[in-house]
Amino acid sequence: MEIIKVDLGARSYPIYIGAGIIKELGSCLKALPVGEKALLITNCTVRSLYGTHAEKSLKEAGFQVAFGVIGDGEQNKTLATAGHLYDLAFDIGLDRKSPVVVLGGGVTGDVAGFVAATYLRGVPFIQVPTTLLAQVDSSVGGKVAVNHPRGKNMIGAFYQPGFVLADVALLKTLPPRELRSGLAEVVKYGVIWSEDFFAWLEENIEALLAGDTEALIHVVRESCRIKAAVVEQDETEGGLRAILNYGHTFGHAVETLTGYGRYTHGEAVGIGMAAAARLAAALGLLSVSALGRIEALIRRAGLALEMPRNLTPKNLVDSFQHDKKAAGGRLAFVLPLSIGKVSVNKDLSAEVIEKHLNQAP
């Protein structure tokens, strides 16, 4: 079991990474100053696969376990779902020391984390991510939220977990579509931070798609190291952390405009990364060769590059206005300058964006 520390002073926490380590969940939690009553939040699919494993580990460590089960998919990432979990927390008598343990992907982690952040003004919170996307990205960094019909993640908080336990053995049952979806966030880290990591992905993408354990451990470790380095410098997205949104402004617009169901988050981010790279090329910021490498790796990861045909540049720009990062009529875009280096551009008006989207190669 490898350990990566997210160094945030009093809010610091470890990320445990390995294969077959879910059995250590209870002992890891027991080491924290928490109460004995735990709420284990998951979805129906994950509960049938791994709920017993997590429950057994927690009970062996002396915890009383109650399950909270929610629906899967972005359409369930709502205040209504959070309300259901608040009711459950009241019913089982959760107090301020009672840990909320999240066993699931990004949707489950975001909703349950939002509940943990807001119930009794905050209770202990543990992430046990079961998808590649959650292991490399959403479980780390403390962003928790629910969606609103007008925008993704519009209602949320920054609330750090007590620890993250990333067991790549849990990815063995992941549907191929979900594995590909997670690879979008992995590719993102190469583009925004490390050309060496990007080159490693170019050489090993097939092994990842085949579910090779060592390859998966490597990408979870490297992705978490990069995200930890960014979050340590900018916990609440006042500056550097914004680079983690590469592909997300476009991607969130795609998710919102298609009703949070047609695309997975990773699929939308893949489309968004390609769109942002093309926009950077149209603005003369990114070379054609670098654009080609980015598009090729996204395609080899099994992800789409093209926007849905029914989404026009005007549709997208209108949606961007509701993005959390928009301010004063200006839109914030993370644009690649080369592989391993990006910039956050806040000087683009809606009119300029729409014009260049129409002209993008």
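The values are calculated or read from the model by the stated rules, or taken from the named source; none is laboratory data. Fair warning: this is a prediction, and the values are worked out from it, not measured in the lab. Glycine gets a Cβ as well: all are built from the backbone with ideal geometry, and neighbour counts include every protein chain shown. We work out accessible area using only protein heavy atoms, side chains counted, and drop any ligands, DNA or RNA first. Shrake-Rupley method; radii C 1.70, N 1.55, O 1.52, S 1.80 Å.
Descriptive notes on the structure:
- With both residues required to sit in the chain, DSSP beta bridges show an antiparallel share near 45%.
- Cβ-defined net charge surrounding residue 96, 14 Å radius [Lys, Arg +1; Asp, Glu -1]: +1
- Take each peptide in 111-118, 12-19, count the other Cβ atoms within 10 Å of every residue, and average; sorted highest first, the result is 111-118, 12-19.
- Under 10 Å, Cβ to Cβ, from residue 15 - net charge with Lys/Arg +1 and Asp/Glu -1: +3
- Extreme residue, positive dipole direction of the chain, given options 132, 169, 80 (C-beta unit charges): 80
- Difference of contour (0.36 nm per residue) and Cα-Cα distance, residue 196 to residue 262: 20.4 nm
- Per residue, the Cα convex hull of the stretch 60-217 amounts to 128 Å³.
- Within the chain, helices built from complete DSSP H runs that reach 24 Å or longer along their own axis (Cα positions) and carry a mean Kyte-Doolittle hydropathy of 0.5 or higher are 265-282.
- Rounded accessible area per residue of the chain, 1.4 Å, Å²: 39 Å²
- Hull volume per residue, based on the alpha-carbon atoms of the stretch 242-356 and their convex hull, is 96 Å³.
- Summarised as an ellipsoid, the stretch 21-82 has semi-axes of 24, 14, 9 Å, derived from the eigenvalues of the Cα gyration tensor scaled by 5 and square-rooted, with the largest first.
- Linear extension gain, residue 120 paired with residue 97, 0.36 nm per residue minus alpha-carbon span: 7.3 nm
- Taking label positions 7 Å along the Cα-Cβ direction at both residue 87 and residue 56, the computed distance is 3.3 nm, reported to one decimal.
- The C-alpha atoms of the stretch 90-131 occupy a region whose extents along the principal axes are 29, 16, 14 Å, arranged from largest to smallest.
- Simple spin-label estimate for residue 287 and residue 311 in nanometres, 7 Å along Cα-Cβ: 3.0 nm
- Label point distance in nm, residue 148-residue 72, each placed 7 Å from Cα along Cα→Cβ: 2.9 nm
- Each peptide in 92-101, 159-168, 259-268, 244-253 was scored by the mean count of other Cβ atoms within 10 Å over its residues; highest first, the order is 244-253, 159-168, 259-268, 92-101.
- Label corresponding to P(r) over Cα pairs in 10 Å bins from 0, in percent when calculated from the structure given, among (1) 5, 23, 34, 27, 10, 2, 0; (2) 5, 26, 35, 23, 9, 2, 0; (3) 5, 23, 29, 22, 12, 6, 3, 0, 0: (2)
- Cα centroid separation - the stretch 220-255 against the stretch 279-294, whole Å: 21 Å
- The stretch 1-130: radius of gyration over Cα atoms, expressed as a fraction of 2.2 N^0.38 Å: 0.99
- Estimated from helical segments only, the mean residue ellipticity of the chain at 222 nm is -13500 deg cm²/dmol, where each DSSP H run of four or more residues counts as -39500 (n - 2.57).
- Distance from the stretch 15-93 to the stretch 109-187 (C-alpha centre basis), Å: 13 Å
- Percent carbon-and-sulfur accessible area, the chain, ignoring ligands, DNA and RNA, probe 1.4 Å: 51 percent
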